Amino acid sequence: MTLLQATDVYRFYHVGDDETRALRGASLEVRAGELVVLLGRSGSGKSTLLACLAGLDDPDGGQVEVAVASRRLSRRPEVQRARLRAEHLGVMLQSGNLLPHLNVLENVLLTGRILGKPDEVRARELLAQLGLAGRLAAYPSQLSGGETARVSLAAALAHGPAILLADEPTAELDLQTEVQVAQVIEAFVRQPGHGALIATHSPRLAAHASRVLRLKDGRWQDA
Ligand code: ADP
Ligand code: ADP
């Protein structure tokens with residue numbers, strides 16, 4: 001079963017007279033049960049691709065479809081993309097997705113609240129699995145980089161999305177914490193009808209990959 005599908009995605013940035021072709025015809029599928037790992041050097045287009053797949057950005061060409069719901073995500077008004085994202089996707093970006101005026105538990109419950117189905121049991125369970133049971137009342141400014149990454153992962157997953165999209169989820173973590181994060185991601189993917197696409201250079205995460213995709217200058221390297 002295909003959960004998420006991108007077809008021939010193009011994204012160009014224009015700054016002054018300069019044009020950067022960040023994505024030049026990238027296509028991919030994430031199927032149920034898959035942990036797809038996305039590799040590529042800095043500047044190869046990974047963040048742009050994840051943003052387009054998450055509906056945070058809209059491609060200039062091609063299409064992104066939330067196939068699990070038979071819904072096109074690209075070329076829609078932002079408010080519709082946000083709705084589809086909340087319903088079907090868990091998104092963890094490097095820039096962080098935590099609101100500063102909400103504590104850890106409130107941040108993790110936020111998307112569920114927006115959807116009208118906050119699941120506090122699941123939120124607490126995820127935070128406990130990530131070693132954060134003692135940090136529920138902390139605010140984002142009080143968290144270390146590694147704690148921020150783990151709270152962001154819990155926030156991406158607590159509302160029960162089918163698809164996880166994550167950008168370097170283990171970038172700032174020590175070994176023990178990286179193992180916790182890898183276990184949570186693997187457990188997520190093992191749930192029936194779930195799948196993930198993760199940009200990572202972590203051998204520990206890549207070891208569990210169903211497939212590895214390599215971007216180079218906005219295209220698949222082997223294509
Ligand atoms: P990666 O995540 O692999 O490092 P990015 O998707 O961030 O790659 O960037 C791909 C290319 O697009 C790079 O050349 C980068 O400089 C350029 N780029 C990314 N975001 C912007 C932007 N907002 N404006 C202009 N150029 C951008
Ligand atoms: P497609 O996604 O196949 O291009 P449309 O954009 O025309 O088709 O949408 C198909 C139907 O779904 C329309 O009735 C439209 O009103 C409805 N729809 C579009 N976007 C959303 C959304 N984000 N949530 C719920 N319904 C939507």
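The values are calculated or read from the model by the stated rules, or taken from the named source; none is laboratory data. Every value quoted in this text rests on a predicted model; they were computed, and no experiment measured them. Note that we place each Cβ from the backbone using ideal geometry, even for glycine, and neighbour counts take in every protein chain shown. What goes into the accessible areas is simple: the full protein's heavy atoms, side chains included, and nothing from ligands, DNA or RNA. Shrake-Rupley method; radii C 1.70, N 1.55, O 1.52, S 1.80 Å.
In segment 59-72, is there at least one residue being in contact with a helix residue (DSSP H, G or I) (Cβ under 9 Å, 6 or more places away or on another chain), within 16 Å of ligand 2 (Cβ to nearest atom), among the polar types (S, T, N, Q) and touching a residue at least 24 places away in the same chain (Cβ under 8 Å)? No, segment 59-72 has no match at all. Checked against (1) in a loop (DSSP other than H, G, I, E, B); (2) surrounded by 18 or more Cβ atoms within 10 Å (Cβ to Cβ), L165 passes all but condition (1). Taking residues in segment 113-127 that are surrounded by fewer than 16 Cβ atoms within 10 Å (Cβ to Cβ), and partners anywhere that are in a helix (DSSP H, G or I) and among the charged types (D, E, K, R), the pairs with Cβ atoms closer than 7 Å and at least 6 places apart or on different chains are L115/E87.
Beta carbons closer than 8 Å, at least 6 apart along the sequence or on distinct chains, pair a first residue in segment 4-30 that is at positive phi with a second that is within 10 Å of ligand 1 (Cβ to nearest atom) for G25/G218. Within segment 190-212, the residues that satisfy the criterion of being closer than 12 Å to E34 by Cβ and surrounded by 21 or more Cβ atoms within 10 Å (Cβ to Cβ) are H194, G195, A196, L197, I198. Selection of first residues in segment 79-90 that are within 15 Å of L110 (Cβ to Cβ) and at pLDDT 95 or above and of second residues that are more than 16 Å from ligand 1 (Cβ to nearest atom) and among the polar types (S, T, N, Q), restricted to Cβ pairs under 6 Å at least 6 apart or on distinct chains, gives the following pairs, ordered by first then second residue: A86/T111.
If the requirement is being over 25 Å from M1 (Cα atoms) and among the charged types (D, E, K, R), which of these qualifies: R72, R24?
Numbers: R72 fails: over 25 Å from M1 (Cα atoms).
Selected residue: R24, the only one of R72, R24 that is over 25 Å from M1 (Cα atoms) and among the charged types (D, E, K, R).
Inspection of segment 77-85 finds a residue satisfying the criterion of being over 17 Å from D217 (Cα atoms) and in contact with a helix residue (DSSP H, G or I) (Cβ under 8 Å, 6 or more places away or on another chain).
Candidates S47, S95, S42: the one that is free of Cβ contacts under 8 Å to residues at least 24 places away in the same chain, within 16 Å of ligand 1 (Cβ to nearest atom) and under 16 Å from the mean Cα position of the chain (by Cα) is S95.
For (1) among the charged types (D, E, K, R); (2) in a helix (DSSP H, G or I); (3) over 29 Å from D217 (Cβ atoms), each residue gets a yes or a no:
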{"site": "L56", "(1), (2), (3)": "no, no, no"}
{"site": "R75", "(1), (2), (3)": "yes, no, no"}
{"site": "N97", "(1), (2), (3)": "no, no, no"}
{"site": "E106", "(1), (2), (3)": "yes, yes, yes"}
{"site": "G116", "(1), (2), (3)": "no, no, yes"}
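Candidates R76, R21: the one that is over 20 Å from R211 (Cα atoms), open to solvent by less than 80 Å² (accessible area, probe 1.4 Å) and either among the charged types (D, E, K, R) or within 16 Å of ligand 1 (Cβ to nearest atom) (or both) is R76. Among the residues that make up segment 144-157, is at least one of them touching a Gly at 6+ places or on another chain (Cβ under 8 Å) and farther than 27 Å from G45 by Cβ? No: segment 144-157 contains no residue that is touching a Gly at 6+ places or on another chain (Cβ under 8 Å) and farther than 27 Å from G45 by Cβ.
Among the residues making up segment 128-137, those that are free of Cβ contacts under 8 Å to residues at least 40 places away in the same chain, assigned to a loop (DSSP other than H, G, I, E, B) and buried (at least 16 other Cβ atoms within 10 Å of the Cβ) are L132, L136.
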